[in-house]
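> One structure, pasted below without further comment.
The values are calculated or read from the model by the stated rules, or taken from the named source; none is laboratory data. Just so it is clear, the structure is predicted and the values come from calculations on it, not from any experiment. A quick note on method: Cβ atoms are made from the backbone with ideal geometry, for glycine too, and the neighbour counts reach across all protein chains shown.
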């Protein structure tokens, strides 16, 4: 093994790999492009019935009573459940993988109890023999609502006189603790240095407020599942999610079932972006399956997806940035007010931790407020919380550059975080590649290309931690020497390809002999969900270790066949080689030959590894965006876009580039047109792709990418997470471009045409 | 329990009969790109749907010496491939082509776009500007009305029970005439007009505007035919002053609403901008033929 480790290390330094860094066709590609891949809604079981959900038409109301008798009396209706059918859970916060979890809130979000807290909040669910009967049954459920005053906006929700969503909600993190309930769920503060002193030293200060709208992850596949419960109470769930083990755990909590009685099979996933890291339908489907005795199939409509799942926080962000005349940052302060939706748990604290982390700022402080209002409970969305804080910071930096008459790229480079820079949340950065992304931006032809009239160029950077965590992998050698690589993480970004590449690299074998498999909860040991940009890093590390374990066994088997000591066997190019001085002439034993004889040397060859991966490498990106503004309509056209990122090591560069492109496009949508629009009664007005305006292909230029590779020393191949960083810079990159094109500082997202035109005309009127 | 009766008559007379025998709430289906969406969303529950796509007269495009007769159930893609119509009425062609996606274009019809009665329908301002008329058939006979007289409000038409549009009549292009249609959407496709303008102009030999029709969409309960816009152009050489007057007249005619797609201020201003830009394109086309 020592030889192999050294070889890997040498490989990192010399970049000599057989598979790592190549672009083979993805293992799941053929099924996806031919429509064979089975997504959440695609399973069909004998006797399966349809489940549907009755949802609140009110933003905020007390449920006086629910009468389901007329629905139950309808022929074809097999089960009806309401909140009363689910256990009351303790109001306590459990440690989660990325953020703390309160399962009482998860449960009350899955199905309302005493109150409905947003338009679309689930109130009851029905299982029936057809979708038509289920729909008719929903119309026969009588809910007696006492409509209550509601609050949508985050600043309104923080007001003293705001309608309170949760009567028992006392602000966490404030000393002394308030005595009165409010919508302010919590306050978190991060600080380093002395900001008062810092601002006293500043020669120029930029201070502004910024807002961003609530936006949805916009995955194309709606939430979907099938649940089946056997007569002895064992539940099986097939569903599309970012983590089969997460679904198992959350369902066991919400349903008070033994985790050992639930098996979850991951379906193919049609996009998640963080939004499928929780449960909505699954516990309802299990409850309906328990009562009906039939498998229950549930699929959300697009309207339900918008009204009742997702989004991430709309925010109010206040930034104060102090610098010397030479551009060096001396102090930074931010106050973040994030919508949590109907239940506590916004990613405000993650905004506070990430907002300043691209820079060396000696004195910095972030105050983060988590605020509930009558909107759907927010869910994780790609680098949760970071894009909004970063939008404020990167806009302020752009304005600072304008006021100092400095190049905004040079200003960033001057203050760039590097190895040893302390973060506001404590640790110092180890090896990072932020400055390298700026250098790559500077060298890119995009940065110096000429601009036409009404055009502007924006630049912005972004940071995300990336995480490691618990992962399992098993490598099974088949009788013919081909290999199965089983992991427990749904493939949302091409991770099957990366797992296969890493296993093939370690084993030195042909890639097409490696078949990646995503196991269900009964087939592979626990793995934390696919999120936090962790899978290629952490699960990849487990795969590498499992493959190394198999290599060790293969050497032993070869030694046994050769009747020599294992220390005289090395593994190279997919075969065992004898290094014993007097027997070096022996022909190598291939993987296939060893596998074929496994029965004679000790039985099947298989390696399973479960780890808690540490050492995730932080990720940094820098994006450049050119826009043209139509000064008469406020229309914005994105002309050119380049995303540059330190990716550590790209195992499969095409899918890494795809991550950069996808993140950039979601960020462009967030910046330009996406937003949740509510009417005066708190009902969502644009619960569909027509009026929730995600960009379409023709809105966008090809997103150019540059992969900067500063390897993460904690990973055998140098991997850093890459999936989340690319959504952090675009909000400010676009807004800075628009601000420069229009000659106005735009601080509120989205930069929709009516808003931009009003600003342009307002500035004209003001002279 | 939500059974819908479906009829696909093969002649106009059969269709009239089917509609007259149907209970209240019966709907006509041409392309179905609006109706089926409304049906699925539960916004409408018609007891009977009468599909017009089986009627040959409604599916054909005829060119005579004086004009085009376009069946009300001709799909966007079919009209888009009619080279002569596209050459003579590029504005109408472009407007129709803007509706939906390639898939939608394979189904969507002019008759459906008009009778769905959305204030934002793309083909309607272009048809009004072009002076298009439609033939309406029903139990009490056949009548011919200008396109701008068909829609009476959002989702409402002046068609009587059992009536439907069989075809559109559009004149042959006159010398030195041109038309254009522009809409504003925040994206580049797959969206609904926030404001729109259709313009049709005729110039004399000296380049002075002798006739003009200007129609605005998505800025009032129905598409508007704005006489003051025409007045601003007629008799002028379509110089900047005339175009500015046109824009002002267009904005003055707007009576829009605030909604998720745009504000009153935005629609009012942008309708003027679009009218001016569409007039500029129409003028270029008129000068070119």
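> Quick check on this structure: which one of B:282, B:249 is assigned to a helix (DSSP H, G or I), at pLDDT 95 or above, more than 14 Å from chain A (Cβ to nearest Cβ) and surrounded by 24 or more Cβ atoms within 10 Å (Cβ to Cβ)?
So the residue among B:282, B:249 that is assigned to a helix (DSSP H, G or I), at pLDDT 95 or above, more than 14 Å from chain A (Cβ to nearest Cβ) and surrounded by 24 or more Cβ atoms within 10 Å (Cβ to Cβ) is B:282.
> A follow-up question, please. State which residue is farthest from the other protein chains (Cβ to nearest Cβ) when the search covers only region A:725-767 and only residues that are part of a loop (DSSP other than H, G, I, E, B) and either touching a strand residue (DSSP E or B) at 6+ places or on another chain (Cβ under 7 Å) or modelled with pLDDT under 95 (or both).
Step by step, filter region A:725-767, then rank; the result is A:728.
> Only one of these conditions is not met by residue B:263: (1) within 12 Å of another protein chain (Cβ to nearest Cβ); (2) closer than 19 Å to residue B:95 by Cβ. Which number is it?
(2)
> Now for a separate question. From the set of residues in region B:1-42 that are within 14 Å of another protein chain (Cβ to nearest Cβ) and surrounded by 11 or more Cβ atoms within 10 Å (Cβ to Cβ), which is nearest to residue B:78 (Cα to Cα)?
Filtering first and then ranking leaves B:33.
> Right, something else. Within region B:19-64, can you find the residues that are over 23 Å from the mean Cα position of the chain (by Cα) and over 24 Å from residue A:132 (Cβ atoms)?
Across region B:19-64, the qualifying residues are B:19, B:20, B:21.
> When you go through (1) crowded, with 19+ Cβ neighbours inside 10 Å; (2) within 30 Å of residue B:52 (Cβ to Cβ); (3) within 14 Å of another protein chain (Cβ to nearest Cβ) one by one for residue B:190, which number turns out not to apply?
All conditions are met except number (1).
> I would also like to ask the following. Can you list the helices (runs of 4 or more DSSP H) lying wholly within region B:84-198 that have 3 or more residues being more than 17 Å from residue B:226 (Cα to Cα)?
Those helices (runs of 4 or more DSSP H) span B:90-97, B:102-105, B:110-115.
> Quick check on residue A:535: is it in the same structural domain as residue A:595 (by TED's automatic domain parsing), in contact with a helix residue (DSSP H, G or I) (Cβ under 8 Å, 6 or more places away or on another chain) and closer than 20 Å to residue A:380 by Cβ?
In short, yes.
> Just one of the numbered conditions (1) surrounded by fewer than 16 Cβ atoms within 10 Å (Cβ to Cβ); (2) in contact (Cβ under 8 Å) with a residue 60 or more places away in the chain; (3) in a loop (DSSP other than H, G, I, E, B) is not true of residue A:59; which one?
(1)
> Same structure, new question: Which ones in region B:18-60 are assigned to a strand (DSSP E or B), under 22 Å from residue B:105 (Cβ atoms) and in contact with a helix residue (DSSP H, G or I) (Cβ under 7 Å, 6 or more places away or on another chain)? Show your work before the answer.
Initial filter on region B:18-60 (assigned to a strand (DSSP E or B)): B:27-29, B:48-51.
Checking which are under 22 Å from residue B:105 (Cβ atoms) leaves us with B:27-29, B:49, B:51.
Correct list: B:27, B:28, B:29.
> Tell me the residue from A:743, A:762, A:767 that is at positive phi and out of contact with any helix residue (DSSP H, G or I) (no Cβ under 8 Å at 6 or more places or on another chain), please.
Only one candidate qualifies: A:767.
> Tell me whether region A:96-104 contains one or more residues that are within 14 Å of another protein chain (Cβ to nearest Cβ), under 24 Å from residue A:379 (Cβ atoms) and either surrounded by fewer than 20 Cβ atoms within 10 Å (Cβ to Cβ) or in contact (Cβ under 8 Å) with a residue 24 or more places away in the chain (or both).
Checked against the condition, which is being within 14 Å of another protein chain (Cβ to nearest Cβ), under 24 Å from residue A:379 (Cβ atoms) and either surrounded by fewer than 20 Cβ atoms within 10 Å (Cβ to Cβ) or in contact (Cβ under 8 Å) with a residue 24 or more places away in the chain (or both), region A:96-104 yields no hits at all.
> Given the criteria in contact with a helix residue (DSSP H, G or I) (Cβ under 8 Å, 6 or more places away or on another chain), within 29 Å of residue A:646 (Cα to Cα) and crowded, with 24+ Cβ neighbours inside 10 Å, does residue A:366 qualify?
When the stated conditions are applied, residue A:366 passes them.
Residues are listed down the side, and each one gets a yes or a no for (1) under 21 Å from the mean Cα position of the chain (by Cα); (2) surrounded by fewer than 21 Cβ atoms within 10 Å (Cβ to Cβ); (3) under 30 Å from residue B:268 (Cβ atoms); (4) in the same structural domain as residue A:628 (by TED's automatic domain parsing):
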position	(1), (2), (3), (4)
A:708	no, no, no, yes
A:719	yes, no, no, yes
A:731	yes, no, yes, yes
A:739	no, no, yes, yes
A:748	no, yes, yes, yes
A:761	no, yes, yes, yes
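> Moving on to the next point. If only one of B:131, B:153 is over 13 Å from the mean Cα position of the chain (by Cα), surrounded by fewer than 21 Cβ atoms within 10 Å (Cβ to Cβ) and not assigned by TED's automatic domain parsing to the domain that holds residue B:224, which one is it?
After applying the criteria, what remains is B:153.
> Same structure, new question: Need the failing condition index for residue A:84 against (1) in a helix (DSSP H, G or I); (2) in contact (Cβ under 8 Å) with a residue 40 or more places away in the chain, just the number.
So residue A:84 meets the others, but not (2).
For every residue, the table says whether it meets (1) out of contact with any strand residue (DSSP E or B) (no Cβ under 6 Å at 6 or more places or on another chain); (2) surrounded by fewer than 19 Cβ atoms within 10 Å (Cβ to Cβ).
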{"residue": "A:420", "(1), (2)": "no, yes"}
{"residue": "A:428", "(1), (2)": "no, yes"}
{"residue": "A:437", "(1), (2)": "no, no"}
{"residue": "A:452", "(1), (2)": "yes, yes"}
{"residue": "A:463", "(1), (2)": "no, no"}
{"residue": "A:470", "(1), (2)": "no, no"}
{"residue": "A:479", "(1), (2)": "yes, yes"}
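> Can you find, within region A:662-681, the residue that is nearest to residue A:635 (Cα to Cα) among those that are within 11 Å of chain B (Cβ to nearest Cβ) and not in a helix (DSSP H, G or I)?
Only one residue fits best here, namely A:673.
> Which condition number does residue A:637 fail, the rest of (1) surrounded by fewer than 24 Cβ atoms within 10 Å (Cβ to Cβ); (2) more than 26 Å from residue A:467 (Cα to Cα); (3) touching a helix residue (DSSP H, G or I) at 6+ places or on another chain (Cβ under 6 Å) being met?
Tallying (1) surrounded by fewer than 24 Cβ atoms within 10 Å (Cβ to Cβ); (2) more than 26 Å from residue A:467 (Cα to Cα); (3) touching a helix residue (DSSP H, G or I) at 6+ places or on another chain (Cβ under 6 Å), residue A:637 fails exactly one: (3).
> Considering each residue of region A:493-515, count those that are within 22 Å of the chain's Cα centre (by Cα) and either assigned to a helix (DSSP H, G or I) or at pLDDT 95 or above (or both), and give that number.
So the count comes out to 5.
> Please indicate, with yes or no, whether at least one residue in region A:135-146 is within 36 Å of the chain's Cα centre (by Cα) and in a loop (DSSP other than H, G, I, E, B).
Checked against the condition, which is being within 36 Å of the chain's Cα centre (by Cα) and in a loop (DSSP other than H, G, I, E, B), region A:135-146 yields no hits at all.
> Would you be able to tell me the number of residues in region A:286-309 that are within 20 Å of residue A:376 (Cα to Cα) and part of a helix (DSSP H, G or I)?
Keep residues of region A:286-309 that are within 20 Å of residue A:376 (Cα to Cα), which gives A:298-309.
Then drop every residue that is not part of a helix (DSSP H, G or I), which leaves A:302-308.
Adding up the residues that qualify gives 7.
> How many residues does region B:228-239 hold that are over 26 Å from the mean Cα position of the chain (by Cα) and closer than 12 Å to residue B:283 by Cβ?
Of the residues in region B:228-239, 3 are over 26 Å from the mean Cα position of the chain (by Cα) and closer than 12 Å to residue B:283 by Cβ.
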